[in-house]
Amino acid sequence: MMKHFSSILLHLTRRGVRLAAAACILLAACAPAATPTPAATPSGPVELAVMTHDSFAVSEDLVRSFEQANNAKLTFIKSGDTGAALNRAILTKSSPQADVFYGVDNTFLSRALKEDIFEPYAPPGLADIPAAFKLDPSNRALPVDYGDVCINYDKAYFAGKNLPVPQSLEDLAKPEYKGLLAVENPATSSPGLAFLLATIAHFGPQKYLEYWNSLVSNQVAVVNDWETAYYTNFSGSSGKGPQPMVVSYASSPAAEVIYAETPPADAPTASITAPGTCFRQVEFVGILKGTAKRALAEKFVDFMLSVPFQEDVPLQMFVYPVNEQAALPDAFTQYAAVAEQPASLPPDEVAANREAWIQAWTEAVLR
Amino acid sequence: MSLTARPRSALAWGSLLWLLPLAFLLLFFLTPLARILALAWQAAGEQGALSAGLPGQVMYPLGFTLFQAALSTLLTLLAGLPAAYLFGRFSFAGRRLLRVLSTLPFILPTVVVAAGFNALLGPRGLLNLALMGLAGLDQPPIHFMNTLGAILTAHVFYNVSVVLRVVGGAWERLDLRLEQAARTLGAGGLRAFWEVTLPLLRPAILGAALLVFLFNFTSFGVILLLGGPRFVTLEVEIYIQALQLLNLPLAGLLSAVQLGFTLLLTALARRLEPGQGIPLAPRVKGEGLRNPRGWGQRLALGALVAGLALFTLSPLAALAVRSVTRLEAERGQRGAVQTGLTLDYYRELFVNRRGSIFYVPPATAALNSLLYALATVGISLGLGVPAAYALNRSGPARRWLDALLMLPLGASAVTLGLGYVITFNRPPLDVRSFPLLIPIAHSLVALPFVVRTLQPAIAAVPPSLRQAAEVLGASPARAWLLVDVPILSRAALTGAVFAFTISLGEFGATSLLARPEFPTLPVAIFRFFSQPGALNYGQAMAMATLLMLVCALSILALDR
């Protein structure tokens with residue numbers, strides 16, 4: 001009976017199947033050759049695979065010039081959000097699917113180091129990076145960029161109500177700011193986790209839940225993801241939601257200007273950057289253990305720390321370069337702010353307590 | 001002719017029907033799943049990570065998952081069955097268009113549906129803005145987002161088309177003469193419905209209910225985006241544990257619980273089904289359809305059509321409207337919002353403003369989506385047809401195959417995705433270079449739909465027709481081609497539309513497995529959505545509107 005199925009199918013959806021067959025052929029044709037590229041072919045370019053998260057972006061020009069200079073072909077493997085991508089790298093560490101991994105941040109750093117997925121490498125570019133970013137003394141994970149998770153506010157709202165902008169975490173619990181703040185769930189959102197860590201750094205692991213209880217009585221709005229918080233709840237963005245304050249990034253006001261429909265005279269939003277109110281996320285790159293293309297991988301890491309790539313980072317990913325030599329674009333110097341004294345916690349402490357903190361927060365705030 | 005009377009060779013061929021679908025499931029479903037669960041088990045042993053608070057960590061999400069899935073399924077049936085009656089029994093102007101449009105929710109990524117509901121019912125949605133304007137309120141009167149109501153509404157919104165297509169299709173195929181015979185014998189309209197029509201529809205209703213239940217059972221995006229942080233299903237908890245807390249052991253345990261319940265539910269649904277399908281003579285297509293008679297019927301029908309159109313279309317329309325609208329709040333006024341029309345968002349889609357290497361023109365994203373969707377249709381029909389035939393043969397293996405086929409619907413997408421990543425690691429089956437893995441993953445979800453729509457249709461093919469053809473000298477192949485195929489083509493088409501739409505709207509597996517150079521429309525939508533700025537938001541809306549358009553046009557072309 002089996003042999004009849006093809007004819008039946010053909011009859012059933014003749015067009016559909018033919019199209020699908022065409023699709024298969026097309027897809028197969030588009031796909032790069034599945035054969036593993038040998039480390040050194042004299043003629044063709046050497047393929048370098050870079051595993052990263054969904055938010056990774058880079059200018060096409062830069063990629064092409066790196067490829068030309070090094071006779072390389074870069075392949076980017078995007079694997080979901082930060083957690084998903086790191087998980088993939090960890091799960092496949094015995095037979096790595098890429099040569100370089102970019103995008104592990106300081107909240108996940110300890111986990112990546114404990115799983116030992118990176119090979120140490122000390123690039124010459126390290127000299128231009130401030131010591132505060134070098135969180136891994138063994139140089140397995142190298143800092144590339146950072147971003148401050150800060151509260152964004154709707155400038156027009158505060159101006160219109162003659163309301164002073166809060167200047168500390170404590171202020172947010174005051175009655176004049178009742179119902180004005182939207183935050184993300186730390187269990188499902190990376191800025192949400194960063195803000196929770198800022199409160200833990202400020203109030204300590206014993207007292208932070210007390211603070212959150214006061215936020216809850218001050219009607220803080222909690223949603224699961226940044227998209228909802230920013231576009232549905234926040235009044236300063238396109239969604240024109242009900243809350244004039246939201247947990248986002250210090251660079252978001254610059255994005256509001258760059259991605260405005262008509263260039264505004266001034267950013268409609270701004271960040272609260274007062275000491276202790278922001279949490280700094282640092283993103284790292286590392287050479288994956290077991291790569292057969294160590295030399296090229298080193299070149300790529302050098303490239304990521306070089307001035308051209310570092311200057312590309314702000315407008316591609318809305319984060320700041322760690323290289324002190326890199327100049328910032330105008331929109332950033334004008335509208336984006338850098339946190340004055342961002343809260344920070346040692347990566348080891350975050351790794352050891354992240355689950356317990358989130359669990360306790362969930363019980364206190366959501367249930 | 002019963003199975004026992006068949007010659008031996010037919011039996012042997014019959015068992016071959018299993019082979020292809022079984023091999024497919026073994027390779028692309030069971031292997032990756034087993035590997036990831038084994039890894040989780042091993043990690044559990046090493047870390048001793050399963051703590052004392054475990055029962056609560058499993059029972060709380062499990063309880064809510066079952067509760068919301070049952071309630072959502074009930075509401076979907078309540079909304080879907082009248083609509084199925086409408087489409088199964090009446091012809092009216094715009095019937096085909098409405099059927100296509102009612103499929104649209106099914107394809108939309110949750111992030112878009114959430115945006116649609118937000119554009120309609122959110123704090124600054126069209127409805128709240130209108131009410132605030134009319135009544136002079138300064139707070140939005142409707143609280144919809146982050147409520148249980150939002151979860152249930154979205155689930156009904158998504159799944160009404162499943163009931164409509166599966167049950168409505170079966171209704172349309174019913175042999176009218178049976179009901180007419182009952183009426184001739186003196187049964188009233190209600191009694192004929194209760195004692196003739198309903199029992200005949202039972203397999204379709206049960207099948208649709210099971211599909212809807214499992215869809216809601218593994219609900220992820222709706223819970224996360226519309227329900228908000230207070231509601232946690234198993235799938236949401238698996239996502240949090242696996243990808244945010246990197247607690248693979250607990251994620252594995254939750255996945256196993258989810259799979260266990262899927263098997264249990266499938267077995268339960270099987271028991272409820274009548275043992276033997278009732279063969280029905282195929283009838284002229286559209287024979288059972290009639291125009292509404294009298295004012296009362298016209299009015300009721302009109303109300304039903306309007307209700308269905310309003311419910312399925314208003315969030316989509318709000319989205320389309322939002323894609324050409326800009327909102328500008330007056331300074332310092334939280335209430336007053338000015339609106340203006342703009343085509344900027346569409347224009348901007350064609351500009352690679354940042355010179356990014358990952359920029360993809362909308363037409364390319366649409367083409368990628370279409371190619372994946374067509375490949376999914378091919379794969380899931382190629383496997384679904386033999387599987388549906390195999391399911392219609394009795395035997396002990398039948399129940400197993402049935403459960404196995406439904407299992408992918410109940411499998412955690414996160415877990416399976418990680419399973420793919422560790423299993424398909426080297427050529428030729430390498431997630432990095434084998435693009436067919438995406439339509440294959442989509443086919444796992446589409447297959448239950450294809451099988452559930454085909455199987456009752458196959459059961460209803462009267463063997464007497466095939467026998468008559470064979471008596472008249474047709475070879476078994478020819479008899480099949482001339483008897484089965486024309487009868488089944490409608491059901492196969494329904495399955496194909498499901499497969500097509502499932503693939504077109506799928507986001508999770510695609511984002512994990514797709515190469516960044518070949519993003520689909522949902523992936524492109526998400527890329528815009530995850531960046532701040534009015535243009536990005538607008539472009540996400542514009543891309544979503546394009547997705548709806550592409551889907552509507554494709555279904556119109558496919559569904560004749």
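No lab work stands behind these numbers, since they all come straight from the coordinates. All figures in this text were calculated on a predicted structure; none of them were measured in a lab. Cβ placement follows ideal geometry from the backbone for every residue including glycine, while neighbour counts extend to all protein chains displayed.
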Review point. In terms of modelled amide H atoms, which long-range or inter-chain residues lie less than 5 Å from the amide H of A:Lys73?
Key: A:Val46, A:Glu47, A:Leu48
Review point. Want the number for B:Arg271 to B:Glu287: 0.36 nm per residue separation, take away the alpha-carbon distance, what's left?
Key: 2.5 nm
Exercise for review: Can you tell me the equivalent ellipsoid semi-axes for segment A:186-314? Use √(5λ) from the Cα gyration tensor, largest first, whole Å.
Suggested key: 33, 23, 13
Review point. Can you work out D for chain B in µm² s⁻¹ from Stokes-Einstein, where Rh is the Kirkwood radius over C-alpha pairs, the temperature is 20 °C and the viscosity is 1.002 mPa s?
Key: 85 µm²/s
Review point. Can you pull the semi-axes for chain A, root of five times each eigenvalue of the Cα gyration tensor, sorted largest first, whole Å?
Key: 40, 27, 22
Practice item. Quick one: dipole size for segment A:135-179, taken about the Cα centre, charges +1 on Lys/Arg Cβ and -1 on Asp/Glu Cβ, in debye to the nearest 20. Key: 180 debye
Study note, to complete from the structure: The size of the Cβ-based charge dipole (Lys, Arg +1; Asp, Glu -1) of the protein assembly as shown about the Cα centre, to the nearest 20 debye, is 4740 debye
Point to revise | Relative contact order (%) - chain B, alpha-carbon pairs under 8 angstrom, separation at least six | key: 23 percent
Exercise for review: For A:Ala270, list long-range residues whose amide hydrogen, built 1.01 Å from N in the peptide plane, is under 5 Å from its own amide hydrogen.
Suggested key: A:Tyr153, A:Lys155
Practice item. Sum -39500 (n - 2.57) across every DSSP H segment of at least 4 residues in chain B, then divide by the residue count to get the 222 nm mean residue ellipticity, nearest 500. Key: -22500 deg cm²/dmol
**Study point:** Centroid-to-centroid separation of segment B:145-208 and segment A:304-350 [C-alpha atoms, Å]
**Key:** 59 Å
Review point. Which value, to two decimals, describes the C-alpha radius of gyration of segment A:199-274 once divided by 2.2 N^0.38 Å?
Key: 1.29
Review point. So what is the 222 nm mean residue ellipticity for chain A from helices alone, if each DSSP H run of at least 4 adds -39500 (n - 2.57) and you divide by all residues, rounding to the nearest 500 deg cm²/dmol?
Key: -11500 deg cm²/dmol
Check your understanding: Using only Cα atoms, what Kirkwood radius does segment B:14-148 have, in angstroms?
Key -> 20.9 Å
Exercise for review: Among A:Asp105, B:Asp175, rank each residue by its count of other Cβ atoms within 10 Å, from fewest to most, as a rough exposure measure.
Suggested key: B:Asp175, A:Asp105
Practice item. Please give the net charge around B:Gly189, taking every other residue with its beta carbon less than 15 angstrom from that of B:Gly189, where Lys and Arg add +1 and Asp and Glu add -1. Key: +3
Study note, to complete from the structure: Dividing the alpha-carbon radius of gyration of the protein assembly as shown by 2.2 N^0.38 Å, where N counts its residues, gives 0.97
Practice item. May I have the extent of the alpha carbons of segment B:483-529 along their three principal axes, as whole Å values ordered from largest to smallest? Key: 49, 18, 14
Check your understanding: Using the 10 angstrom Cβ neighbour count as an exposure proxy, how do A:Leu163, A:Leu288, B:Leu341 rank, fewest first?
Key -> B:Leu341, A:Leu163, A:Leu288
Review point. How big is the gap, in Å, between the Cα center of segment A:216-277 and the Cα center of segment B:443-498?
Key: 56 Å
Study note, to complete from the structure: Inter-chain shielding metric for B:368-381, i.e. average beta-carbon neighbours from other chains within 10 angstrom, reads 5
Practice item. Provide the per-residue ³J(HN,Hα) series for segment B:73-80, in order, calculated from phi with Karplus coefficients 6.51, -1.76, 1.60 and θ = phi - 60°, each as a whole number of Hz, with x at glycine and proline positions. Key: 5, 4, 5, 5, 5, 4, 7, x
Point to revise | Neighbouring partner chain Cβ atoms per residue of B:521-532, average, 10 Å criterion | key: 4
Point to revise | Beta bridges by DSSP in the protein assembly as shown, antiparallel share as percent, to the nearest 5 | key: 65 percent
Review point. Going down the table (A:Lys134/A:Lys289; A:Lys114/A:Lys134; A:Lys207/A:Lys240), which pairs top 24 Å between alpha carbons?
Key: A:Lys207/A:Lys240
Exercise for review: Give the order of A:Arg88, B:Arg354 when sorted by the count of other beta carbons within 10 angstrom, beginning with the fewest.
Suggested key: B:Arg354, A:Arg88
**Study point:** segment A:83-156, relative contact order [Cα under 8 Å, separation at least 6], %
**Key:** 25 percent
Exercise for review: Divide the volume of the convex hull of the Cα atoms of segment B:385-534 by its number of residues and quote the answer in cubic angstrom per residue.
Suggested key: 155 Å³
Practice item. With no solvent and one equal point scatterer per Cα, compute the Debye intensity ratio I(q)/I(0) for segment A:65-196 at 0.09, 0.17 Å⁻¹ and report its log10, rounded to two decimals. Key: -0.44, -1.03
Review point. Order of A:116-128, A:182-194 by packing, highest average Cβ count within 10 Å first?
Key: A:182-194, A:116-128
Exercise for review: Determine the sum of side-chain charges near A:Pro314: Lys and Arg each +1, Asp and Glu each -1, restricted to other residues whose C-beta is under 11 angstrom from that of A:Pro314.
Suggested key: -3
